[in-house]
Amino acid sequence: MPHAFPRRHVFTGLGALGLVSFLSRAGLTQGVSSPQPVSPLAERLAAYAHGLSYDDLDATTIEAVKSHLIDTVGCGIAAFNEKAVRSCRDLALATSGGVATVIGTNRRATPDLAAFANGAAFRFHDMNDAYVGSVTAHPSDHIAACLAVAEAERSSVAELITAIVLAYEVNCRLIDAFDISMRGWDPPVLSPPALALAVGKLMKLDPEKLTQAVNIAINDHIQMGQTRVQTISDWKGLADAEAARNSIFAAQLARAGITGPAPIFEGKSGFFRLVTGQGEVNVESFGRRGVPFSINACGMKAFPAQVHTQTAIVAAIAVAKEVGDLTRITAIDIATTKRGYQMNASEPEKWAPHTKETADHSLPYITARAMFEGDINNDSYTADKLHDPHILAFMQKIKVKEDPAFATPAGNAPSARITATLADGRSIVRQVDNMPGFPGVPMSRADVERKFRSNVGKRWPQQQTDAVLADLWELDRTEDLPSLLGKLSLPA
């Protein structure tokens with residue numbers, strides 16, 4: 001769940017220092033002390049990143065890193081042969097000088113392009129993890145950059161794990177602070193600070209150069225919300241991969257001594273003013289020894305679909321099982337969260353999806369398909385299924401609305417309620433508020449392995465799957481990261 005930040009009073013207009021100056025001129029400063037100057041946010045984030053160490057991580061957090069890494073790799077292997085993923089991989093491998101593994105192959109690319117290609121695969125099926133705050137994001141997208149730079153820099157696995165925790169922490173805390181969707185921006189606009197700090201830490205940059213990496217990465221990667229509305233394109237799955245590519249280059253520039261615009265957050269034409277609006281980011285409350293890390297508040301999806309549809313899928317399957325003959329249904333009412341409605345049902349394109357990317361953000365399609373098939377999986381979005389006349393006709397019986405009561409979470413996941421009205425007038429209702437894999441109910445190792453095997457089963461023989469799982473669960477004891485990544489290649 002989102003973190004609760006302590007709030008501080010923020011003077012607007014004159015600003016805190018300007019107010020004191022005004023009171024002084026008016027002779028009203030008795031008893032009023034000048035506020036202590038606050039360092040720019042980029043500097044405070046850099047100081048946090050530089051100071052974080054593997055020793056600060058508890059066993060639960062290290063286990064979470066392994067679980068999310070296994071889940072993410074499985075999602076990437078499942079998408080290995082998808083057209084957009086192949087295109088990104090071919091582009092990455094066309095460049096010489098490779099030092100970072102393109103996962104699924106025994107070949108290497110430059111760190112930025114390897115991160116881009118791997119990030120495209122990890123994200124393609126929309127089945128990797130999710131953090132639900134003011135907006136929903138997928139922090140596991142950042143694992144691709146951490147793996148690529150760790151391999152290129154010959155980092156220890158302890159450094160890799162720390163960088164992954166750092167990327168999650170910064171990204172999730174920024175999500176808590178800013179609802180950028182209401183201002184028309186795409187959630188990956190909050191990724192560059194997290195990525196620049198994580199990969200910069202792997203490059204062993206000092207605080208000043210970490211600050212510059214943040215400055216550069218943010219200034220040149222502002223993603224528009226059009227990525228995720230109307231008909232959704234390939235770019236939905238590539239936006240965070242591009243943030244990774246961009247942020248690695250930003251960190252490389254900072255290492256070479258290049259400086260970026262500052263103060264990037266607070267400036268006259270900076271991030272706060274143009275993108276997010278004013279917010280509170282209390283870096284002192286970030287995860288550290290004795291303070292929980294945000295990776296533990298991230299959920300793992302059971303189905304390859306937008307996060308606000310996850311509970312609807314479970315509810316729909318339960319309703320369909322009780323109804324039996326679905327031709328008995330005359331109407332379906334879906335109640336969802338505000339964000340669930342906005343993202344998955346508010347636009348005409350979501351009621352007649354023509355692309356996989358639009359369909360996995362369509363509550364009507366996902367609900368209908370789940371009711372007829374008893375599941376949503378990576379094969380639920382083939383062209384013939386998207387144009388199935390029986391599903392399209394059934395979707396005409398569906399209505400979706402926001403339930404304001406869902407604004408206050410009743411469980412650990414975005415709630416959904418499915419109400420089916422039958423021809424005899426009876427109604428069958430199922431509401432789902434909790435799901436395994438979401439905060440407070442983490443997937444067990446058995447659950448993580450079950451999902452992983454489902455994702456890689458068509459790509460790897462069982463013996464390889466067993467061996468890879470054993471190695472990934474032992475990540476924190478691994479001494480040879482390139483060798484481990486090499487074991488993730490598909491059979492020739």
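The values are calculated or read from the model by the stated rules, or taken from the named source; none is laboratory data. Computed from a prediction, not measured in an experiment: that's the story for all the values here. In this analysis, Cβ positions are derived from the backbone assuming ideal geometry, glycine residues included, and neighbour counts consider all displayed protein chains.
Filtered by the rule that a residue be closer than 19 Å to Ala84 by Cβ and assigned to a helix (DSSP H, G or I), segment 356-374 gives Lys356, Glu357, Thr358, Ala359.
For segment 288-303, the tally of residues that are part of a loop (DSSP other than H, G, I, E, B) and either within 30 Å of Ala78 (Cβ to Cβ) or of a type outside the set (Gly, Ala, Ser) (or both) stands at 8.
Only helices (runs of 4 or more DSSP H) whose full extent lies in segment 375-472 are considered here, and the ones with at least 3 residues that are in the same structural domain as Asp333 (by TED's automatic domain parsing) are 383-386, 389-395.
Kindly indicate whether any position in segment 268-281 is under 21 Å from the mean Cα position of the chain (by Cα) and either under 17 Å from Pro414 (Cα atoms) or of a type in the set (Gly, Ala, Ser) (or both). Yes; the residues of segment 268-281 include at least one that is under 21 Å from the mean Cα position of the chain (by Cα) and either under 17 Å from Pro414 (Cα atoms) or of a type in the set (Gly, Ala, Ser) (or both).
Take the conditions under 24 Å from Lys236 (Cα atoms), of a type outside the set (Ser, Thr, Tyr) and surrounded by fewer than 24 Cβ atoms within 10 Å (Cβ to Cβ) and apply them to Ala145. Does it pass?
Working: under 24 Å from Lys236 (Cα atoms): yes; of a type outside the set (Ser, Thr, Tyr): yes; surrounded by fewer than 24 Cβ atoms within 10 Å (Cβ to Cβ): no.
Answer is no for this residue.
Of all residues in segment 247-260, those being within 21 Å of Tyr48 (Cβ to Cβ) and not in a helix (DSSP H, G or I) number 2.
Yes or no, residue by residue, for (1) within 18 Å of His50 (Cα to Cα); (2) modelled with pLDDT under 95:
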site	(1), (2)
Asp129	no, yes
Gly133	no, yes
Pro139	no, no
Ile143	no, no
Cys146	yes, no
Ser156	yes, no
Glu159	yes, no
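For the criterion of being within 26 Å of the chain's Cα centre (by Cα) and over 20 Å from Ala59 (Cβ atoms), Leu488 passes.
Is it the case that segment 419-427 has a residue that's among the basic types (Lys, Arg) and within 27 Å of Cys298 (Cβ to Cβ)? Step through it out loud before you land on a result.
Step one: list which residues in segment 419-427 are among the basic types (Lys, Arg), which gives 426.
Still in the running and within 27 Å of Cys298 (Cβ to Cβ): none.
No - not one qualifying residue is present in segment 419-427.
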